[in-house]
Amino acid sequence: MPGDKNYRDIKHKKENFVFFLGGQDAEMLTIRDILREHNLNFHDKDLKWGAKLSDYKEELKEINEDQTAVLIELTIDIPVPENAIIIDHHNEKENKPSSLEQIADLLNIKLNRWQQLIAANDRGHIRALKEICASENEIKKIRRKDKDAQGVTEKDEELAEESIKKFNTKKNHITVIKSLTDKFSPITDLMYGKTDKLLIYNDNSLLYIGNGKPKLIKKYKNLVDKQKAFYGGGEKGYFGMLVENNNEETIKELVGEVIETLNKEEEEKIYSYHIFLFPFKWKLWKFDNNAALEDKFNVKEFKETLIKSLGSNWERKQFSLNYYNNYNEYNYFYEYVREILYDLGENLKTEYDLGKDLKTKQTKDNDKLINHFECKISKSKKLYYNIKLCDSEATTYNLEIDSILLNVYSTGTAVLSFHLRNKDKKHSSKEDILKINKYGRRLYVPFFDLDPDSIYTGETDNTNSQKVLNATKHNEIPDAIWIGGKEELAGKSNLYEDFEKYKNKDNFKFGPFLLPKFIEELFPEKFYLVHEKQGCNSDGTKDKKYKIYLRPVLDDRMHVVCWYGNTDLVNELNKIKECNDFDLGDSYLNDNRKDKSHYFYETRDWWYSYIFVDSPEPMHTDRFIKQKLVKDSTYSRWVEWGTLYGMSRYSLVILTSSFSDLDNNNVTFLVKHLQTMYYKMAELCLLQRATVLSYAGEITNISNLTKPSGNENKDKNYDNEISARIEDIYKFYILFLNKINFKEVTAQEQGIEMYNLMQKQMRIAEDVNDLDREIKELHLFATHLEETAQTEEDRKQTEKMNALTGLGAIFLPFSLLIAFFALLFRPTDKIPKFIFDTNSMPNFPFITALSLIIVLGLIFVIYINKRLELKIMKKLFGKIKRKQK
């Protein structure tokens, strides 16, 4: 778009414009046709390449105050008229659309198909034409039109072919051609697709097309400023200059200087940045599985044990705003999210520890949620994270250690992270980056290379222990990983892991996970154990020397966060894929073709491997599914600006241009974003995933509790213990929902979109829903226990009442008789006589027998009723038990 400050105000006042046309080519002729079609005022002197504003010096004097001069591709060599609009897409304006597209926008008109092809051709030659799906026939027509406008003749075409045949040489991967004609376009057409670096020259000018153009811009900046050199066409575009003092020796020196500049390797400050994150579950070893979570996951005790242990190389570091960078990072997140991301500290006394100033009433218990530790690294001696491959060259990657961090959370989870810089130019290729990520994140052996004989014979595998890692080391794990000096011999480092311990079966008899030495040796002796039996004495009691029981959350690999800068690569991946070749003929006004094009990154194996931390040749052969996976895993908001993000369950990766480019400010802050905000978002997602798995394990522990057999006191204690455990896990689940599981973490639009994609790729929502379902089932189970306990109490009360009722029924007939005789005979002092003297009342035996029959009958009825009640209860409780099973 034109950049003049008055552009928007005058955009639709076409009658005010006076256009001044530059050097002729197909684009300029098309602009002229459009101006004629719309009856607009313009000046055209049929100028050639290099047209200057001074060529219209007299015509500019005729511009009145109501008119606006529109200057199209003119070299500014005299003062520009006030309020003039400059239309150009060369030199510092090369990132603008073509001049034709700018004119169309200025006039608010839509270009037809032919005009779009003209614009693409001027913007990026044949490459740009193919990007908008131009057919071979269309390309031929457009190129012919352009060369005709430039005055290219049949003689020029012949001389171009002769130049290629006679004066075509290769110097340091650059194709150099001395042109016999002043028109270079026939040569560029003939050489398209045959070289990535093309240098054409004659006695008057020089033109370079291909990779490395920014180096020439930097080298000859003074000529660009003097308007004696020009460039355009994007990253793989062109750079040209006029040749002064054009004798043969001068030309030869200039060509040599250009070639030397193109081949000069610029040292980058950094080529890639890698963060390997190891999330794990933990608990204090001294507590049993049935202990309260608050005791098992006591962060304060973890801190005291780690820091005070003999030989500890760790220190707690609280977050503060004493650095501008910390401000940017802290301000990026919502206030309620910061509490779990940062260890805000308390009672800090040094000028650097200002975390206490960040605490609020809401975050006063922050230190109970998270503790942040940093491994002490010597500032005088640099440490490197070294990765040695098992290849023919024994390739070794030396990554400078920026920091080693440990964040411990009160949810029984923690994240250990290695922050690494790749400054080695020898290992800065795109294949190297894939290998660093793939091999550098390995924790332990994924599988062994087994002898195939057992498959054919059915016999027990008898693979030689010395061979079980041969293929595995070539394809899946490095030969070794160690932490130490860059020149230090690997074997001298106690932080050296070569995975050879897996050749001895006794080493993994308790399970496959063994802490690698480059992690184990970072901590005090016997600080961690990774298998329960590892921490038990011969008599089965716990070895109290061990402090922390640790289990991995992922598999045998760490999570990867990575930035890589490669200008050529990103400019390849952010281009539009060429469409199938077909021709519209001359029907440019009615172009109804559907746009089936897509970005190159969607079908490039390297980008797939970068996202999914795979080999240079991906382990996925279905091209259609692979393309969908890539598209779903790519955040492409800034693809046109040369920035791509990729996210998977295993990684967060960024690809940008290199630091050595002319304008690397964007790269600088993107790398800083990765080191801070984006790393924090990735770590938060890992924390969420690890916490869900940790709580799922606790639920399993509750489910594994068996009901004791014995008296009812044991049963009651069991029910109380289960209820207490369920209440405990439910309390921590509420903590997770309120303090960790956030739907949104920042107000920044890009941050929202990236966080959502991370959540989707890690399937956090699905895992949380599963955990929520399990928690609800536990809650129902606890409710059932309470109801069962209440039912049992009610049953006992009912039995007591039934006993009293039965006893009352037994004495009821006697009570009735006594009452009867008391009313029948008077005086009352005669009653005893009738009761005990049968002669006084002849019917007494009959009444007594009747009473006994009534009493026995009542007892029999109560007995039958009780039997029926017991049968019903047995059937009822039998069904409940079966449902529980």
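Between Thr463 and residues 5 or more places away or on another chain, which pairs have amide H atoms under 5 Å apart, with H built 1.01 Å from N, and which residues are they?
Placed amide hydrogens put Asp451 under 5 Å from Thr463.
So how far, in whole Å, is the C-alpha centre of segment 394-421 from the one of segment 206-253?
Centre-to-centre distance over Cα atoms comes out at 46 Å.
In the structure shown, do any of Lys388/Lys501; Lys388/Lys473; Lys672/Lys739 have a Cα-Cα gap over 22 Å, and if so which?
Correct reply: Lys672/Lys739.
Calculate what fraction, in whole %, of the accessible area of segment 593-646 sits on carbon and sulfur atoms when a 1.4 Å probe is rolled over the protein chains. Before the final figure, lay out the partial values.
Details: 1680 of 3120 Å².
With neighbouring chains kept in place, the figure for segment 593-646 is 54 percent.
Counting only protein heavy atoms, what percent of the accessible surface of segment 79-231 is carbon or sulfur at a 1.4 Å probe? Please report the intermediate quantities before stating the final value.
Details: 3310 of 7050 Å².
Heavy-atom surface of segment 79-231 belonging to carbon and sulfur, 1.4 Å probe: 47 percent.
Taking a 1.4 Å probe, which of Asp365, Asp25 shows the most accessible area, and what order do the others take after it?
Details: Asp365 65, Asp25 25 Å².
From most exposed to least exposed: Asp365, Asp25.
What FRET efficiency, computed as 1/(1 + (r/R0)^6) with R0 = 35 Å and r the Cβ-Cβ distance, is obtained for Asn289 and Gln362, rounded to the nearest 0.05? Can you show the working numbers first?
Values: r = 33 Å, r/R0 = 0.94.
Approximately 0.60, to the nearest 0.05.
Mind ranking 218-227, 455-464 by how tightly packed they are, going by the mean number of other C-beta atoms within 10 angstrom, highest first? Let's see the in-between values first.
Values: 218-227: 14.1, 455-464: 9.3.
Most protected by this proxy first, the peptides run 218-227, 455-464.
Quick check on segment 1-146: what are the equivalent-ellipsoid semi-axes from the Cα gyration tensor, as sqrt(5λ), descending, whole Å? It would help to have the intermediate numbers written out before the result.
Working: eigenvalues 138, 51, 39 Å².
Output for segment 1-146: semi-axes of 26, 16, 14 Å.
Please list Thr250, Thr643 in order of solvent-accessible area, largest first, computed with a 1.4 Å probe with all protein chains present.
Values: Thr250 45, Thr643 15 Å².
Ranking Thr250, Thr643 by accessible area, largest first, yields Thr250, Thr643.
Quick check: net charge around Glu774, other residues with Cβ under 14 Å of its Cβ, Lys/Arg +1 and Asp/Glu -1?
Details: positive: Arg725, Arg773, Lys776; negative: Glu698, Glu766, Asp767, Asp770, Asp772, Glu777.
Summing Lys and Arg as +1 and Asp and Glu as -1 gives -3.
Given H placed 1.01 Å from N in the peptide plane, which residues other than close sequence neighbours of Lys171 have an amide H under 5 Å from its amide H?
Sorted by chain and number, the residues that satisfy this are Val176.
Could you point to the residue in Ala119, Gly151, Leu207 farthest towards the positive end of segment 115-217's charge dipole, with +1 and -1 charges on the Cβ of Lys/Arg and Asp/Glu respectively?
Looking along the dipole axis, the top candidate is Leu207.
How large is ³J(HN,Hα), in whole Hz, for each residue of segment 552-561 in order, when computed from phi with the Karplus curve 6.51 cos²θ - 1.76 cosθ + 1.60 and θ = phi - 60°, using x for Gly and Pro?
x, 9, 8, 9, 7, 10, 8, 7, 10, 10
First measure r as the distance between the Cβ atoms of Arg316 and Leu735, then evaluate 1/(1 + (r/R0)^6) with R0 = 25 Å and state the FRET efficiency to the nearest 0.05. Kindly include the intermediate steps, with their values, before the conclusion.
Details: r = 22 Å, r/R0 = 0.87.
The calculated FRET efficiency here is 0.70.
Using a 10 Å cut-off on Cβ atoms, rank the peptides 112-123, 79-90 from the highest mean neighbour count down. Numbers along the way, then the final one.
Working: 112-123: 22.4, 79-90: 17.7.
Going by the mean number of other Cβ atoms within 10 Å, highest first, we get 112-123, 79-90.
Among 525-536, 550-561, how do they line up by average Cβ neighbours within 10 Å per residue, starting with the highest? Could the numbers behind the result be given before it?
Values: 525-536: 16.8, 550-561: 20.4.
Ranking, from highest mean packing down: 550-561, 525-536.
From the cross-link list Lys141/Lys218; Lys505/Lys545; Lys197/Lys575; Lys13/Lys57; Lys381/Lys467; Lys296/Lys359, which pairs have alpha carbons spaced over 30 Å apart? All intermediate terms of the calculation are to be shown ahead of the outcome.
Working: Lys141/Lys218 36 Å; Lys505/Lys545 25 Å; Lys197/Lys575 19 Å; Lys13/Lys57 24 Å; Lys381/Lys467 38 Å; Lys296/Lys359 26 Å.
Over 30 Å Cα-Cα: Lys141/Lys218; Lys381/Lys467.
The values are calculated or read from the model by the stated rules, or taken from the named source; none is laboratory data. Remember, predicted model here, so these are calculated numbers, not experimental data. Note that we place each Cβ from the backbone using ideal geometry, even for glycine, and neighbour counts take in every protein chain shown. Protein only, heavy atoms only, side chains kept; ligands, DNA and RNA dropped before computing areas. Shrake-Rupley method; radii C 1.70, N 1.55, O 1.52, S 1.80 Å.
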